[in-house]
Amino acid sequence: MRTYLVTGGAGFIGSNYVLQLLQKDAEVLVLNVDKLTYAGNLENLRAIEGDKRHVFVQADICDPVRIAELFASYDIDYVVNFAAESHVDRSISDPQIFTQTNVLGTVNLLQCAREAWQVVGSAASADDRYRPGVRYLQVSTDEVYGSLGPEGFFTEQTPLDPHSPYAASKAAADLFVKAFGDTYRLPVNITRCSNNYGPFQFPEKLIPLMLNNALHHQALPVYGDGMQVRDWLYVEDHCKAIDLVLEGGVPGEVYNIGGHNERTNIQIVKGILSYVGEKVDRSVDERLIEHVTDRKGHDRRYGIDPTKIGEALGWRPQTAFEDGIVRTIQWYLDNQDWVAGVTSGAYRDYYKRMYGAR
Ligand SMILES: NC(=O)c1ccc[n+]([C@@H]2O[C@H](COP(=O)([O-])OP(=O)(O)OC[C@H]3O[C@@H](n4cnc5c(N)ncnc54)[C@H](O)[C@@H]3O)[C@@H](O)[C@H]2O)c1
């Protein structure tokens, strides 16, 4: 049986990952460490309530004592670090918490893993210093590469050139992961993915935000001309890629994960409006679009070249954007209670109701 330490597993991608893992693998133990910031929502994990293979721990990845205790209490095989401050706009107004969680939190996890996994007194080769089979995987982003012109793609060789404080914090974390691999031979991987979409995404991000506004007849604020290009990846496809890297990735390697689904933001917004106008409310249309002042330092285009993970590990995105976006919009329409809980803040009471007595 494998034991996973998944951090940020109450967030958007982390919760999808935990749900997928438990569905796929009967013989698994998942320690889900999440601080439950505004972005953490235990309601995402309702489907696995009471499942003994899932242990939720409310803790900060920056806390050396709590994290070391977990390593001491369980034989952790894999660390998958999703925990992060993840919203670019917030990083522009408050960069410090991004440094704290994204950089220092990552270094703390690396250090705890290194100490716990080290085989004491091993005199063998450098590669034998750790318990066999262990792996640390850092979930990173294409934003560390900066911005592309109209042509070309990010490969794993593209130099890091982050622009926003968020991207800078993720790039800094990546460099620490690399350093722990290079210096201490810790078995690490970094995955860098493009924009994810799917169920359980906090409605401050483009797709759920625009959908929610459309449903409530509120203006849809589009940055600048809306011609920024993002490469959309269905969250389930991303989670599958992470598992492939954990199982078969070469230690020390970086793997780019992208959906081959480049779309401008305005295309996404218009697509949402047209779906809502057709299926939900005929009065909803493009008149709701409101162009607002562009985000500072807004990157123009991201595009991932996922050739390496395809050739090395056989990963391909399985979800065409046309299917994934309909599934996603329909999920939000079918789960309006979840959306209402998040937008009203009621989701924060869920933890108290579920875990308040502990
Ligand atoms: N969403 C995307 O499109 C995208 C794209 C590329 C990379 N990523 C990366 O994937 C990861 C997950 O992104 P997401 O969209 O699911 O983020 P999210 O904001 O939805 O979730 C982040 C989770 O981390 C938790 N967290 C925050 N600070 C913590 C701390 N100090 N200790 C423990 N837990 C903490 C939050 O409570 C939340 O549950 C992040 O590392 C992000 O940088 C996301």
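Values quoted throughout were computed directly from the atomic coordinates according to the rules given, and no laboratory measurement underlies them. As the structure is a computational prediction, the values presented were derived from the model and not from experiment. So basically every Cβ, Gly included, is an ideal-geometry build from the backbone, and we count neighbours across all protein chains shown.
A compact table of results
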| read-out | value |
| --- | --- |
| Rg/Rh ratio calculated on Cα atoms of the chain (Kirkwood radius) | 0.96 |
| Residues F180, F82, sorted so that the one with the fewest Cβ neighbours within 10 Å comes first | F180, F82 |
| Net lengthening on full extension, L160/S283 (0.36 nm per residue, minus Cα-Cα) | 39.8 nm |
| For segment 2-355, with +1 on Lys and Arg beta carbons and -1 on Asp and Glu, the positive-most of I48, A171, Y275 along the dipole | I48 |
| Point-charge dipole on Cβ atoms (K/R +1, D/E -1) for segment 212-273, about Cα centre, debye to 20 | 360 |
| Pairwise FRET efficiency - Q267 versus S93, Cβ, R0 = 25 Å, nearest 0.05 | 0.35 |
| Over 30 Å (Cα to Cα) - which of K178/K308; K52/K205; K24/K270; K279/K308; K170/K279; K24/K296 fall in this group | K52/K205; K24/K270; K279/K308; K170/K279; K24/K296 |
| Partners for K35 among aspartates and glutamates (Cα-Cα distance below 17 Å; same-chain residues under 8 apart left out) | E43, D60, D63, E69, E85, D349 |
| D349-E290 pseudo-label distance in nm [points 7 Å out on the Cα-to-Cβ vector] | 3.0 |
| Pairwise centroid distance, computed over Cα atoms, of segment 145-174 with segment 1-75, Å | 28 |
| Test item: Cα-centred dipole of segment 1-113, Lys/Arg +1 and Asp/Glu -1 on Cβ, debye | 120 |
| Percent antiparallel among DSSP beta bridges (both partners in the chain, rounded to 5) | 10 |
| Charge dipole (debye, nearest 20) of the chain; +1 at Cβ of Lys and Arg, -1 at Cβ of Asp and Glu | 540 |
| FRET efficiency, 1/(1 + (r/R0)^6) with R0 30 Å, evaluated for R316 and H216 via beta carbons | 0.20 |
